[in-house]
């Protein structure tokens, strides 16, 4: 009888350990964008149509901004210098756990802004990505130069570029890290050429709220950015 009791005790402890393992693996996972609840979007840029999907579970603390579906990209009066004067779309998500997991249960915040830019001059055939890279480099340099003058400090940053194929479309991917945030904020922009004089930017910001498992949650955010971009289809 004692041996039988030991057997039941052993299997009881084993079952409890398995239950607790399953509980913490399921219920302590951070909740981020919901890719089982996607919303379809369509943007017509003077005949160039961009279809894409965005996940649900938006951060309700931020209002929904933009959402234009049709834009005349040749209406010069709508540009403030290089940039179209209206933000085409902005959405925000968070990665959250439970309150005992630190930083008010927030791990990471992620945002997407879709912007349209007009180049000062049309690019030569086949050179659009090089022109976009030069334009983006200048824009970032100018931003930090203004910050340095305003605050009389030296703010450093890292800016890197890569060329990728996105559903058969060549895109320029820019990654910017602001040294002021000690690597807690990473901006990743996917620049899509629209003709020879414009480009559309899907600009993602991932900001770490908690230092806990920083690399893990920043990696989650980057993975989700990529999943969104994989839904982008451009047609003329």
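The values are calculated or read from the model by the stated rules, or taken from the named source; none is laboratory data. Model, not experiment: these values are computed from the prediction. All Cβ positions, glycine included, derive from the backbone under ideal geometry; neighbour counts span all protein chains shown.
Things worth noting here:
- Of everything listed in (1) surrounded by fewer than 19 Cβ atoms within 10 Å (Cβ to Cβ); (2) at pLDDT 85 or above; (3) closer than 30 Å to residue 154 by Cβ, the single unmet condition for residue 179 is (2).
- The set of residues from region 159-175 being on the phi > 0 side of the Ramachandran plot and in contact (Cβ under 8 Å) with a residue 40 or more places away in the chain comprises just one member, 167.
- Count of residues meeting criterion [modelled with pLDDT of 90 or more and touching a helix residue (DSSP H, G or I) at 6+ places or on another chain (Cβ under 8 Å)] in region 197-213: 3
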